[in-house]
Every structure is written in C-alpha cells, then in structure tokens.
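**Q** Sharing a structure below in structure tokens format, with a few things to ask.
Read-outs: derived from the displayed coordinates by stated rules, not from any lab. Owing to the predicted nature of the structure, the values given are computational and were not obtained by experimental measurement. Glycine also receives a Cβ, built like all others from the backbone with ideal geometry; neighbour counts cover every protein chain displayed.
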Amino acid sequence: MRIKDKYISPFTDFGFKRLFGSEPNKDILIDFLNELLKKDTGTITDLTYLSPEQLGHGIKNRKAIFDIYCESETGEKFIVELQKAKQNYFKDRSIYYSTFPIQQQAEKGDWNFKLNAVYTIGILDFVFDEDKDDKEVFHHEVQLIDKNTNKVFYDKLTYVYLEMPKFNKTEQDLESHFDKWLYVIKNLEDLSKRPAKLQEKVFQKLFEQAEIANYSESEYIEYEESLKVYRDLKNSIDTAFDEGKKEGEKETLLLMAEKMRERGDSVEEIMALTGLGYDELA
C-alpha cells in the first residue's frame with residue numbers, strides 16, 4: 001500500500017472510532033474525558049460503550065445515531081460527537097440527542113425521577129456563525145442557569161463544544177494536558193513524528209494507534225475511503241452553507257441531499273448532516 005501520511009486524521013469516522021471508540025483504546029477516551037470534564041465528574045476510572053443507535057419510543061419516531069455513547073462506572077452518560085462540517089440546527093440536534101440518555105433512565109413502577117448526569121460533547125471542525133468574530137473563546141461549557149442570579153440551576157445536563165479551528169497554539173505554546181489534547185486532535189494528520197512535548201503514556205499509545213504503517217491493507221483502504229468521504233462531505237456542506245445564504249438554503253441542502261443519495265449515504269446520515277426531515281427527502 002502507498003502511504004501518503006504518517007498518522008490518520010481523527011476527523012474521519014474511521015480515525016475517530018479507532019482512537020476513541022474501540023474497547024482496546026478505552027483508556028485514551030477516559031484520559032480525554034477526565035481532562036475535559038474533571039471539574040464536574042471527578043475521576044472516571046472505567047467506561048462501558050453503549051449502542052450508538054438509539055430508537056425513539058414509537059416506530060415512526062426519529063432515531064439517533066451517536067458517534068460514541070458510553071457510561072461511567074457511576075452511571076453518568078457521555079455522548080461524544082465529531083461534527084465534521086456546519087449543519088442546520090446543530091445546537092437543536094445536540095439538545096435532541098441528549099434526551100435519549102435522559103429518557104432511558106426512567107424506571108418502571110414507583111420512581112423518584114432521580115437522574116444521573118448526561119454530558120454531550122461536540123468536537124467541531126467548524127466555527128459557530130454567531131461566534132466567528134470571537135477569536136479567543138473556543139471551549140464552550142453550557143448548563144441550565146438562572147438568568148437572574150447567573151448561578152447554575154441544574155448541573156446534571158452539560159453540553160461541551162470545542163471549536164477546533166480557533167485553537168491555534170503551537171507545540172511551543174502548550175502548557176496544560178488539555179492544551180496537548182487539543183493540539184493532537186487538531187494536528188495529528190499533519191505531524192511527521194510525535195512532538196517532544198507529548199511524552200505522556202496516553203499520547204504514546206495514541207500515536208501508536210494512529211500510525212498508518214501499523215495497519216493492514218484492508219484497514220488502510222477503509223481509512224482512505226473514510227478520508228475521502230470526510231473531505232468531500234466537509235467541502236460540499238460548507239459550500240452549501242455559503243451558497244445557501246445567497247441562493248436559498250433549503251434548495252441548496254436538497255441538492256446536496258440528492259448528491260449524497262447518489263453516493264449511497266443512508267437516509268439517517270443525510271438527515272443528520274443536512275437537518276432535513278423524512279418528508280423533505282421523500
């Protein structure tokens with residue numbers, strides 16, 4: 001096989017699932033979540049991967065397909081999503097997705113409604129339009145607050161969004177473990193060797209798992225296909241959003257949906273990435 005890059009891109013479906021969504025690499029995800037959420041969760045010592053496909057209560061209800069869905073040893077639920085390109089109603093979608101692990105906690109019979117915490121984490125390969133002029137804030141942590149007191153009203157529902165294009169630290173600028181995580185996520189594909197500042201054991205394993213030379217021929221082919229889908233999809237969706245402002249967003253998204261159909265994408269994938277509904281795609 002002909003290898004063009006040394007490491008995989010974590011922004012591909014293959015790369016993201018390989019590094020964070022596989023049982024042998026569970027310790028990598030645990031380290032990342034502990035660093036991201038340590039102020040709230042304490043220390044996560046173990047995770048159980050749950051089915052990424054979640055069904056609504058009725059046959060006709062829309063389902064949700066998470067990139068990664070897992071549960072800690074204390075019952076906290078984590079949805080970890082990689083969002084490759086801009087999407088209509090992205091924030092609405094992430095709120096909707098968080099309702100699945102909430103409803104799943106309901107118990108039959110006499111139940112006091114006590115819930116375990118739910119965390120929705122979005123690693124974004126784009127910038128929110130409403131925040132594009134703010135170059136400094138890229139790490140958003142959202143909870144329900146009381147607007148009159150500015151105090152957290154409910155701390156068991158948390159949304160974390162990382163606008164990766166805004167993170168521009170170089171290797172020399174890295175100070176914290178969190179900095180190192182964001183640096184490796186954003187730059188992994190473009191690195192030719194493991195940076196000197198990333199010597200922790202977890203990064204040693206991550207780089208070993210990310211090195212393309214360690215893959216079989218079939219794994220390499222699967223990764224190359226995933227990389228092509230990522231690049232084509234990101235380009236088409238970002239272009240559609242830009243053109244949509246001029247030509248009518250709905251028409252542009254419908255055209256993009258048609259192209260995705262021709263490529264063989266599922267209805268669920270098209271709906272998730274365009275925000276269009278079943279009726280609009282019929």
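**Q** Treat every Asp and Glu Cβ in the stretch 59-194 as -1 and every Lys and Arg Cβ as +1, leave all other atoms uncharged, and give the resulting dipole magnitude about the Cα centre to the nearest 20 debye.
**A** Numbers: 21 positive and 25 negative charges, 110 e Å.
Result for the stretch 59-194 is approximately 520 debye, rounded to the nearest 20.
**Q** Nearest 20 debye, what's the magnitude of the dipole of the chain about its Cα centre given +1 on Lys and Arg Cβ and -1 on Asp and Glu Cβ? Please report the intermediate quantities before stating the final value.
**A** Working: 41 positive and 56 negative charges, 41 e Å.
It works out to roughly 200 debye.
**Q** Aspartates and glutamates within cross-link reach of LYS169: Cα-Cα under 15 Å, excluding same-chain residues under 8 positions apart?
**A** Partners within reach: GLU136, ASP179, ASP190.
**Q** Kindly work out what percent of the DSSP beta bridges joining two residues of the chain are antiparallel, to the nearest 5.
**A** Of those bridges, close to 55 percent are antiparallel.
**Q** Under a cut-off of 16 Å between alpha-carbon atoms, report the aspartates and glutamates in cross-link reach of LYS151, not counting same-chain residues fewer than 8 places apart.
**A** Straight-distance partners of LYS151: ASP40, GLU141.
**Q** Something else now. Please work out the FRET efficiency for the pair GLU200 and ASP173, using the Cβ-Cβ distance as r and a Förster radius of 25 Å; give the result to the nearest 0.05.
**A** Efficiency at R0 = 25 Å is approximately 0.90.
**Q** Which three semi-axes in whole Å describe the equivalent ellipsoid of the chain, each the square root of 5 times a Cα gyration tensor eigenvalue, listed largest first?
**A** Ellipsoid semi-axes (Å, largest first): 28, 27, 20.
**Q** Next question. Please identify the GluC sites (Glu not before Pro) of the stretch 137-185 that satisfy two criteria: DSSP loop assignment and at most 16 other Cβ atoms within 10 Å. Which are they?
**A** When the GluC sites (Glu not before Pro) of the stretch 137-185 are filtered for loop state and at most 16 Cβ neighbours within 10 Å, GLU175 remain.
**Q** Which loop-located GluC sites (Glu not before Pro) does the stretch 71-108 contain, where loop means any DSSP state but H, G, I, E or B and the Cβ has at most 13 other Cβ atoms within 10 Å? Present the calculation step by step, with values, prior to reporting the outcome.
**A** Details: sites: GLU71, GLU73, GLU76, GLU81, GLU107; in loops: GLU73, GLU76, GLU107.
Sparse-neighbourhood loop GluC sites (Glu not before Pro): GLU73, GLU107.
**Q** Another question, then. Work out which helices of the chain, taken as complete DSSP H runs, extend at least 24 Å along their axis over the Cα atoms and score a mean Kyte-Doolittle of 1.6 or more, then list them.
**A** none
**Q** Oh, and also: So which of LYS166/LYS205; LYS84/LYS197; LYS114/LYS205; LYS91/LYS135; LYS91/LYS205; LYS77/LYS193 end up more than 31 Å apart by C-alpha? Working shown, then result.
**A** Working: LYS166/LYS205 26 Å; LYS84/LYS197 27 Å; LYS114/LYS205 38 Å; LYS91/LYS135 20 Å; LYS91/LYS205 33 Å; LYS77/LYS193 35 Å.
Beyond 31 Å: LYS114/LYS205; LYS91/LYS205; LYS77/LYS193.
**Q** Within the set LYS228/LYS259; LYS132/LYS259; LYS4/LYS228, which residue pairs have Cα atoms separated by over 18 Å? Provide the component values of the computation, followed by the final result.
**A** Values: LYS228/LYS259 15 Å; LYS132/LYS259 29 Å; LYS4/LYS228 13 Å.
Long pairs (Cα-Cα over 18 Å): LYS132/LYS259.
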